[in-house]
Amino acid sequence: MKHVIWSLHNVNSIIDDVLAFLSCEYLPTKTVNIDEALHKYSAQEVYSNISLPPYPKATMDGYAVISSDCEDASHENPVSLKVVNGRIRPWMKPNIEVKEGECVEIETGGFLPKNTDAVVRVEDTTREGNRVIIFRRISRYENVSIPGEELKAEDRIISRGELVRPWHIAAFKLLDIEKLEVYDLSAHVIATGDEFLHQMAKPYTIDLVSNWLIEHGFEKITVSIVPDVTSEIASYVSRSNEKNLVTVVLGGSSVGKDDYSITAVSSLNPDIIIHGAAIKPGKTVCTAVLNGKLIVVMSGLPVAALSSLEQIVKPILSQWIGLKYLPRPKVKAILTRRITTKSGVREFVRIRVFRRNGKLYAEPIMTGGSGSIGSLVLCNAWLITKEEIEGYEEGEEVEVELIAPV
């Protein structure tokens, strides 16, 4: 068993130290059909195998022309061209050859026929039988998308760790890519507490953590409730570590005689174990690595758990697996009252941002309150304070991270 000493460890140091022991060798993946890939994280780089458009393509409805035929066209000196039979529709590759003095009707998205190099908009013409009158000068490639303009062969469609969005699916379909390798991440969330087994309390923090993990790329979530018995907690953690990439234990992280979970994880002789972090709430969080996989013991109180997830677990997952999480929007807002913080500690402040007279204001809902689920429901932003700053004054402008609309 490793001897564990609690301390307010620097957050960046925890992340760096833990990453040094995590293994990237066996990150689980699976191959899915493109129609099933939306909102999953790509485990591969995908590049375009063709240029788009593959041929010069019209970007306007009108007439495909040879630009040199129209270089002197104007309202005072219009040009008359013969209209070749046929009409080129979107993505149609025509078997038409246009000669000097001729043109052909073309719709937006249609490929230009042989010899043509520009498109005259319908509104710049007048039709007279089988001829069209053109009233303005046309340059080469005007109203034309040239090959590779939209996408070049070897352009990257999606990078490893990137979230699959609707436009990726559309591009895959266009490129006839039918399957994609994605991450297949699993986690086990273990809530400790005799009060839960005897139904004296609801273990709702397990739902917060499980769904946070789902939101951050995990698909397979197992949940368990175990008693405050060190040996049982150790047994669950050991089995979980064999099957899952991440194990989260809720409760039993306090400093003192009730640190059942810390003792349980320590008894497994992890490669590294760090108890304590300079965050508030969540200072009793414990991070460990066993067999190259992550184990996190955190408070069973919801705000402390979320603080640990956002400040420690999220950056570890991002750097370890390479998951590129979508950035949340940040705004600057004026504090409605002073926030008192402790130097050397990052505080997780829940904020309500509102608009008044054209300005954004930030109302602190709560700085402490590890167990206040209400403060999470009522806030639409949060502020993670900097370690070197001792508080923020009323009227000071601060940058906050939005988690819901203002």
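The values are calculated or read from the model by the stated rules, or taken from the named source; none is laboratory data. The model shown is predicted, which means the values in this text are computed figures rather than measured ones. Here the Cβ is made from the backbone with ideal geometry for all residues, glycine too, and neighbour counts use every protein chain on show.
Considering every residue within the stretch 26-38, establish whether at least one is buried (at least 20 other Cβ atoms within 10 Å of the Cβ), touching a residue at least 60 places away in the same chain (Cβ under 8 Å) and in contact with a strand residue (DSSP E or B) (Cβ under 8 Å, 6 or more places away or on another chain). Steps first, answer last, please.
Let us first name the residues in the stretch 26-38 that are buried (at least 20 other Cβ atoms within 10 Å of the Cβ), namely 37.
From what's left, touching a residue at least 60 places away in the same chain (Cβ under 8 Å): 37.
From the residues that got through so far, the ones that are in contact with a strand residue (DSSP E or B) (Cβ under 8 Å, 6 or more places away or on another chain) too are 37.
Yes, some residue in the stretch 26-38 is buried (at least 20 other Cβ atoms within 10 Å of the Cβ), touching a residue at least 60 places away in the same chain (Cβ under 8 Å) and in contact with a strand residue (DSSP E or B) (Cβ under 8 Å, 6 or more places away or on another chain).
Somewhere in the stretch 352-360, is a residue closer than 25 Å to L326 by Cβ, surrounded by 17 or more Cβ atoms within 10 Å (Cβ to Cβ), assigned by TED's automatic domain parsing to the domain that holds I334 and modelled with pLDDT under 95? Explain how you work it out, then say what you get.
We begin by selecting, within the stretch 352-360, every residue closer than 25 Å to L326 by Cβ; these are 352-355, 360.
From what is left, the residues that are surrounded by 17 or more Cβ atoms within 10 Å (Cβ to Cβ) are 352-353.
Narrowing further to those that are assigned by TED's automatic domain parsing to the domain that holds I334: 352-353.
Next, from what is left, pick out any that are modelled with pLDDT under 95: none.
No: the stretch 352-360 contains no residue that is closer than 25 Å to L326 by Cβ, surrounded by 17 or more Cβ atoms within 10 Å (Cβ to Cβ), assigned by TED's automatic domain parsing to the domain that holds I334 and modelled with pLDDT under 95.
Report yes if some residue within the stretch 223-232 is assigned to a strand (DSSP E or B), touching a strand residue (DSSP E or B) at 6+ places or on another chain (Cβ under 8 Å), without any contact (Cβ under 8 Å) to a residue 60 or more places away in the chain and among the small types (G, A, S); otherwise report no.
Of all residues in the stretch 223-232, those assigned to a strand (DSSP E or B) come to 223-226.
Then drop every residue that is not touching a strand residue (DSSP E or B) at 6+ places or on another chain (Cβ under 8 Å), which leaves 223-226.
Next, from what is left, pick out any that are without any contact (Cβ under 8 Å) to a residue 60 or more places away in the chain: 223-226.
Pick out the ones that are also among the small types (G, A, S) and you get 224.
Checking the stretch 223-232: at least one residue is assigned to a strand (DSSP E or B), touching a strand residue (DSSP E or B) at 6+ places or on another chain (Cβ under 8 Å), without any contact (Cβ under 8 Å) to a residue 60 or more places away in the chain and among the small types (G, A, S).
Any idea how many residues of the stretch 371-406 are closer than 20 Å to M298 by Cβ and either assigned to a strand (DSSP E or B) or more than 27 Å from the chain's Cα centre (by Cα) (or both)?
Within the stretch 371-406, residues that are closer than 20 Å to M298 by Cβ and either assigned to a strand (DSSP E or B) or more than 27 Å from the chain's Cα centre (by Cα) (or both) number 4.
Closer than 26 Å to V223 by Cβ, surrounded by 14 or more Cβ atoms within 10 Å (Cβ to Cβ) and of a type outside the set (F, W, Y): is that true of P364 in this structure? Before the answer, list the steps.
Numbers: closer than 26 Å to V223 by Cβ: no; surrounded by 14 or more Cβ atoms within 10 Å (Cβ to Cβ): yes; of a type outside the set (F, W, Y): yes.
No; evaluated as a whole, the condition is false for this residue.
For the stretch 268-302, what are the residues that are among the aliphatic types (A, V, I, L, M) and in contact with a Lys or Arg (Cβ under 7 Å, 6 or more places away or on another chain)? Explain how you work it out, then say what you get.
The first filter runs over the stretch 268-302 and keeps only residues among the aliphatic types (A, V, I, L, M), leaving 268, 272-274, 277-279, 285, 288-290, 294-298, 301.
Matches in the stretch 268-302: I273, A277, A278, I279.
Tally the residues that are part of a loop (DSSP other than H, G, I, E, B), of a type outside the set (A, V, I, L, M, F, W, C) and either within 11 Å of T108 (Cα to Cα) or outside the structural domain of R127 (by TED's automatic domain parsing) (or both), restricting the search to the stretch 57-79.
The number of residues fulfilling the criteria is 2.
When you check P329 against the structure, is it surrounded by fewer than 17 Cβ atoms within 10 Å (Cβ to Cβ) and of a type outside the set (A, V, I, L, M, F, W, C), yes or no?
Yes: the conditions hold for P329.
Restricting the search to the stretch 276-300, which residues are part of a loop (DSSP other than H, G, I, E, B) and within 21 Å of K342 (Cα to Cα)?
Restricting attention to the stretch 276-300, the residues satisfying the condition of being part of a loop (DSSP other than H, G, I, E, B) are 276-278, 281-285, 291-292, 299-300.
Within the stretch 276-300, G276, A277, A278, P281, G282, K283, T284, V285, S299 meet the criteria.
Is it fair to say D194 is over 22 Å from P315 (Cβ atoms), touching a Phe, Trp or Tyr at 6+ places or on another chain (Cβ under 9 Å), assigned by TED's automatic domain parsing to the domain that holds L306 and surrounded by fewer than 23 Cβ atoms within 10 Å (Cβ to Cβ)?
On the way: over 22 Å from P315 (Cβ atoms): yes; touching a Phe, Trp or Tyr at 6+ places or on another chain (Cβ under 9 Å): no; assigned by TED's automatic domain parsing to the domain that holds L306: yes; surrounded by fewer than 23 Cβ atoms within 10 Å (Cβ to Cβ): yes.
When the stated conditions are applied, D194 does not pass them.
In the stretch 184-203, what residues are more than 22 Å from A234 (Cβ to Cβ) and in contact with a Pro (Cβ under 7 Å, 6 or more places away or on another chain)? Even if it seems obvious, please write down each step before you answer.
The first filter runs over the stretch 184-203 and keeps only residues more than 22 Å from A234 (Cβ to Cβ), leaving 184-185, 199-202.
If the condition is that a residue be more than 22 Å from A234 (Cβ to Cβ) and in contact with a Pro (Cβ under 7 Å, 6 or more places away or on another chain), then D184, L185 are the ones that fit.
Residue check, S159 against (1) buried (at least 18 other Cβ atoms within 10 Å of the Cβ); (2) closer than 30 Å to V46 by Cβ, all met but one. Which one?
Condition not satisfied by S159: (1).
Look at S42 and say whether it is at pLDDT below 95 and either hydroxyl-bearing (S, T, Y) or under 18 Å from the mean Cα position of the chain (by Cα) (or both).
Values: at pLDDT below 95: no; either hydroxyl-bearing (S, T, Y) or under 18 Å from the mean Cα position of the chain (by Cα) (or both): yes.
When the stated conditions are applied, S42 does not pass them.
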